[in-house]
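**Student:** Handing you this structure, nothing more for now.
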Amino acid sequence: MKPAASLVNLVRGVLIGTAEVIPGVSGGTVALIVGVYEVIIQGVADFVYGLGHVIRGNRLEAVMKFKAIRFGVLLPILFGMVVAIFTVAALIEPLLIEYPQITRATFAGLLLASLAVPFGLVAKSLKPAHVFAILAGAALAFWLTSLPTAGLANPAGWQIVLFAAIAICALVLPGVSGSFFLLAVGLYAPTIAAVNDRDFGYLALFVFGAVIGLFSFALFMRWLLLNYRSLILSLMIGLMIGSLRALWPWQTESRELLAPSDAMGPVVAAIVGFGVVAVIILVERSISSRQKQ
C-alpha cells in the first residue's frame, strides 16, 4: 500500500480512537463516516473464521481467510487508535470538567453532521419498517443515555472483562458510545486513570474483554449487514439521534436536562464541529471516488 494511503488510514484510526475515549461519541459512527466501517467488520470476521479453521486443523481454509484480511488498511487504523487513546485520554477529561457545555456542544455538532452518512445510504430505499427502526433506535439510545452514573472505585477483574466486552460493541454498532456505557456502569474513571497511569494489569484485563466482545459481536453484526443492511443502517441512525441526549450542552451532573443558557460558546462550538465533519466527509468521498477510478 502507498505511504499516502497508510497515512490516511492512520488518521482514520486516530479519529476512531479519539471517539472511543469521548463519552457520547461512538467509534463505530466515526468508522462509518470515514468509510472503513465494513472493512473493520469484515476483517474481524475473517480473522475469527481463520482462527476457527486453525483450531480445527483446516490450514488451507485458514490461510484463505487470513489472506482476505486487508491488513494494509487495518494495521494503520489500529495503530492510530492506540495512539489516540493514550494521548486523548489525558486531554479529554479536563475539557469535560472545565468546559462541559462547549465540549458537549462540539461533539453534538460532530454527531449531527455524521448523520448525513447513514442517511445517504438508506434514503433511496426508505420504507415504513426503516422509519420504525429509526424511531425505536432513537428511543432506546435516549433511554440508555438517561441512566444514572454508577461508581466503581475498585472494580473486580470479572467486572473489567465483562464491561469491556460490552463497551467495545460500540465500535461495531454506530450510534452507541462505549465510553458512555463505561460512564454509566462506573468504569469510565478507573479506565481513564489506568490509561494515564499505565496500569498494564488493568489494561490487560480490559483488552482481553474487548477482544472477546469484538470478535463475538462482529460476526453477528456482519451477518445482519449482509441480510438486513438497510434496516440495520436505519437502526444505527436512530441510535445516533437518540444518543444526542448525552451531548445536550446544558445538563446537571445527574444528567437532568436543562433549558439553554445565555452562553453562546456551546452554540458556536457545535457549528464549528459541524463544519469540521462536513469537510471530513467531503474529503473522504473524494478519496474514495479517486480510488475507485
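Every read-out reported here was derived from the displayed coordinates using simple, explicitly stated rules and does not represent laboratory data. Since the model is a prediction, treat every value here as computed from it, not as a measurement. Cβ placement follows ideal geometry from the backbone for every residue including glycine, while neighbour counts extend to all protein chains displayed.
**Student:** May I ask for the percentage of alpha-carbon pairs in the range 1-151 that lie more than 27 Å from each other?
**Tutor:** Value for the range 1-151: 40 percent of Cα pairs lie more than 27 Å apart.
**Student:** What order do you get for 234-242, 123-131, 37-45, 9-17 when each peptide is scored by the mean count of other beta carbon atoms within 10 Å, highest first?
**Tutor:** Those peptides, ordered most packed to least, come out 234-242, 9-17, 37-45, 123-131.
**Student:** Consider just the alpha-carbon atoms of the range 135-258 and return their Rg together with their Dmax, both in angstrom.
**Tutor:** 15.5, 44
**Student:** Still on this structure: 5 Å is the cut-off here: which amide hydrogens, built 1.01 Å from N in the peptide plane, fall below it relative to Q251, excluding neighbours closer than 5 in sequence?
**Tutor:** L258
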